[in-house]
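The values are calculated or read from the model by the stated rules, or taken from the named source; none is laboratory data. Everything numeric here is computed off the predicted structure, so don't read it as measured data. Here Cβ is always computed from backbone atoms with ideal geometry, including for glycine, and neighbour counts include all displayed protein chains.
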Amino acid sequence: DRVLSGETWFAPIVADAEAGFGGPLNAFEIMKAYIEAGAAGVHFEDQLASEKKCGHLGGKVLIPTAAHIRNLNAARLAADVMGVPTLVIARTDAEAAKLLTSDIDERDRPFVDYDAGRTVEGFYQVRNGLEPCIARAVAYAPHCDLIWCETSKPDLEQARRFAEGVHKIHPGKLLAYNCSPSFNWKKNLDDATIAKFQRELGAMGYKFQFITLAGFHQLNFGMYELARGYKDRQMAAYSQLQQAEFAAEAQGYTATKHQREVGTGYFDAVSLAITGGKSSTTAMKESTEHAQFKPAAE
């Protein structure tokens, strides 16, 4: 019952399904795969999958509003078929995207620049900005659990207008916001605005706020700092890092003991269970971690 209810299965992970990697059937299958992997939420954006770009790059091509709704419905159907409450998160790239595959959906036509003609690939050129974002978000809202638009910079006024536009038609709809590392935060905002940014977003209804690639930047900068310190101060640099880890344990940090962190003790427990507690090959008891990393109180 615990597994079926999701209590021990769904990890607090939002998996990025990009643009679905194809059409509705692809969205259906990838949603199933993410559910089987244990993701609690899955994210889909309204770009053409074969031309998919990061939201902060050029060359993005939108699909018709109705086409993205089909993808969202396919994802929801997959969750329903599998009997799970996985969250479907929808994003629009209409704030910056300049191209559209087709004008078949009348909701997209007000934003098509027919005078500009079509591109060499046959794509329509469109007027981007907040207005098409709101129009698409309003259309997507009934078909997803959370909705958001990719933005070009951090802007509380733009966020407020988007939230008001969605909530005018769908009151209380949960919103998401990308506090992206692709933005130069200090160049766009002063310190006071940065400090209150997420709090004000929350008051507008942005209940899922995330920093894409935060781990990438922390990992690379942290390793760079350690490498530079190791070059200049040798092991003193690493010892300083280790002491910082020990100090952080009081706040809940657990990775100081890397053998324990990766699960060595789990396999010891399995071995002891198999042998009735008589194994002589368990790893942790005679490890350097056990001997040297125990708190003084122990």
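So here's what we get for this one:
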| item | result |
| --- | --- |
| Breaking point among (1) closer than 30 Å to ASP80 by Cα; (2) without any contact (Cβ under 8 Å) to a residue 24 or more places away in the chain, for ALA141 | (2) |
| Sole exception among (1) touching an Asp or Glu at 6+ places or on another chain (Cβ under 8 Å); (2) within 24 Å of ALA163 (Cβ to Cβ) for ALA49, by number | (2) |
| Positions within segment 257-289 being assigned to a loop (DSSP other than H, G, I, E, B) and surrounded by 12 or more Cβ atoms within 10 Å (Cβ to Cβ), in sequence order | LYS257, SER279, THR282, ALA283, MET284, SER287 |
| Verdict on TYR124 being in contact with a strand residue (DSSP E or B) (Cβ under 6 Å, 6 or more places away or on another chain), more than 29 Å from ALA203 (Cβ to Cβ) and modelled with pLDDT of 95 or more | yes |
| Selected residue [surrounded by 15 or more Cβ atoms within 10 Å (Cβ to Cβ), closer than 21 Å to LEU213 by Cα, in contact (Cβ under 8 Å) with a residue 40 or more places away in the chain and among the basic types (Lys, Arg)] from ARG70, ARG91 | ARG91 |
